[in-house]
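Enquirer: Please find one structure pasted underneath; my questions will follow.
The values are calculated or read from the model by the stated rules, or taken from the named source; none is laboratory data. What you see is a predicted model; the values in this text were computed from it and never measured. Neighbour counts run over all protein chains shown; Cβ positions are idealised from the backbone, glycine included. What goes into the accessible areas is simple: the full protein's heavy atoms, side chains included, and nothing from ligands, DNA or RNA. Shrake-Rupley method; radii C 1.70, N 1.55, O 1.52, S 1.80 Å.
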Amino acid sequence: MEDRLQVANSSLKNGEWKKGRDIADSVLREMRDRIASGDASGDLLAVAYMFRSIGEAGMGDAESGAWDFGIAQTLYPAYSKVDLQPYGAAGELLTRSRYAESAPSDPARRPTQPPAEHGAGDVVPPRKLSGDKPEYPLAKAASCIENTILVRTIINQQGRPESPSLPAGTDPVLGVAALDAVRTWRFEPATQDGKPVRVWFELSVNFHVRGC
């Protein structure tokens with residue numbers, strides 16, 4: 001896997017966005033099927049998400065690139081300071097999605113952009129309209145661990161999630177499976193004084209294993 005990721009990195013630095021993205025995506029799929037747990041699993045996943053995000057940004061998919069870069073940062077916080085210059089315009093685009101360091105009292109890592117808007121009225125929270133169910137990672141199925149993963153994200157004015165994060169200590173394999181599902185979810189956006197607003201929103205993603 002590491003050799004393939006090195007090829008992906010070289011491809012991205014050469015502006016071969018689709019090749020780099022496709023390699024990172026294939027590695028991610030393989031990791032989710034093979035990695036059950038372990039202290040280093042989050043770091044390995046973060047590398048692949050990082051490279052996939054660069055490929056997506058290079059291909060002009062800023063939304064997917066920002067989401068995957070957010071996952072990379074929540075799995076490996078040092079990526080909030082990674083040097084993106086070698087990736088040219090793609091790196092410049094992702095720079096806008098850097099996360100700030102976590103506040104000591106906050107278990108979730110926060111993006112730099114303030115998520116809430118202020119006004120006189122109360123905020124009516126978002127309401128989920130549609131989205132995929134989470135897929136239980138194949139490598140963890142034998143353990144029959146049923147768990148609930150907390151995901152924190154911003155729901156923007158269009159009802160789309162952005163800037164994903166996970167509480168510290170979250171199982172990274174289940175965490176990324178939850179985030180992959182949440183990225184497909186669409187919401188009726190939160191409103192304040194009758195107008196759509198961006199808000200922080202915490203979501204609980206439940207995993208159930210068939211046959212356990």
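Enquirer: Would you tell me the accessible area of Lys81, worked out with a 1.4 angstrom probe on the heavy atoms of the protein chains, in Å² to the nearest 10?
Expert: Approximately 150 Å² for this residue.
Enquirer: Also, quick follow-up: Stick to the Cα atoms of the range 1-91, pair each with every other, and give me the Kirkwood hydrodynamic radius in Å at one decimal.
Expert: 12.7
Enquirer: Please list Thr170, Thr74 in order of solvent-accessible area, largest first, computed with a 1.4 Å probe with all protein chains present.
Expert: In descending accessible area the options line up as Thr170, Thr74.
Enquirer: Whole Å is fine, so just give me how far the alpha carbon centre of the range 65-93 lies from that of the range 123-187.
Expert: Here the answer is 20 Å between Cα centres.
Enquirer: Still on this structure: If amide hydrogens are placed 1.01 Å from N in the peptide plane, which non-local residues have theirs closer than 5 Å to the one on Val199?
Expert: Ile155
Enquirer: Which aspartates and glutamates have a Cα lying under 15 Å from the Cα of Lys128, excluding residues fewer than 8 positions away in the same chain?
Expert: Candidates past the 8-residue exclusion: Glu162, Glu188, Glu202.
Enquirer: Of the peptides 127-135, 57-65, 2-10, 157-165, how do they stack up when ordered by the mean number of other Cβ atoms within 10 Å, highest first?
Expert: 157-165, 57-65, 2-10, 127-135
Enquirer: For labels at Lys13 and His208 in the simple 7 Å Cα→Cβ model, what's the distance in nm?
Expert: Spacing of the two 7 Å Cα→Cβ label points: 4.8 nm.
Enquirer: What does the accessible area of Phe187 come to, in Å² to the nearest 10, when a probe of 1.4 Å is used?
Expert: In the full protein context, Phe187 sits at about 10 Å².
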